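The values are calculated or read from the model by the stated rules, or taken from the named source; none is laboratory data. Everything quoted here is computed from the prediction, not taken from an experiment. Note that we place each Cβ from the backbone using ideal geometry, even for glycine, and neighbour counts take in every protein chain shown.
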Amino acid sequence: MLTALLFLHNLLRWLVIVAGAAAVGTALSGLRRKGPPSAGEARAGLVFTIALDTQVLIGLAMYGIDGSTARAAMAAGGAAMKDGAMRFWLVEHPLMMVAALVLAHVGRVLFKRATDDDRKHRRALTFFGLALLAILAGMPWPFLAHGRSLLPHF
């Protein structure tokens, strides 16, 4: 089960990145256009937050199913924070992804609540952009010591 979740998690990250880029792109386009938000802009933000919600839930499920990393870190005490790979998987990756999730949801709420069209576009661009940056910063890129391949193994 853990292998299937990891495969899905690795694959879904690309949907999250594409959806985040679309949300940022439509917000930027709306800001340049200087008009009311299009249905596509609202939909892009919704798809981004739903994809990110799903991705975070799968990640949390993997931590719940296989808690070996957390158990090893707790057994190691403070030494776990000195191990870059263990610190990344135990603290940095989950923290960045939860931060991205919060930013995306705050951006979506502020987008919907804004009364001014320009403010809607700016809020979407700011919060979805920050969420996307947090995702990209917290990803296990292959060039990192603790990285994973860009595509899941079939």
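Selection of segment 31-47 for residues being farther than 15 Å from Phe127 by Cα and surrounded by 19 or more Cβ atoms within 10 Å (Cβ to Cβ) yields only Pro37.
Taken over segment 16-57, the criterion of being without any contact (Cβ under 8 Å) to a residue 40 or more places away in the chain and among the hydrophobic types (A, V, I, L, M, F, W, C) is satisfied by Val18, Ala19, Ala22, Ala39, Ala44, Val47, Ile50, Ala51, Leu57.
The residues of segment 108-122 that are basic (Lys, Arg) and closer than 14 Å to Lys34 by Cα, listed by number, are Arg119, Lys120, Arg122. Entry remark, segment 51-73: residues being at pLDDT below 80 and among the acidic types (Asp, Glu) number 1 in total. Of the residues making up segment 91-137, those that are among the hydroxyl-bearing types (Ser, Thr, Tyr) and either buried (at least 21 other Cβ atoms within 10 Å of the Cβ) or at pLDDT 95 or above (or both) number 1. When residues in segment 32-52 are screened for being more than 17 Å from Arg113 (Cα to Cα) and in a helix (DSSP H, G or I), 8 of them pass.
The combined condition, being farther than 25 Å from Leu144 by Cα and either modelled with pLDDT of 90 or more or in contact with a helix residue (DSSP H, G or I) (Cβ under 7 Å, 6 or more places away or on another chain) (or both), is fulfilled by Arg43.
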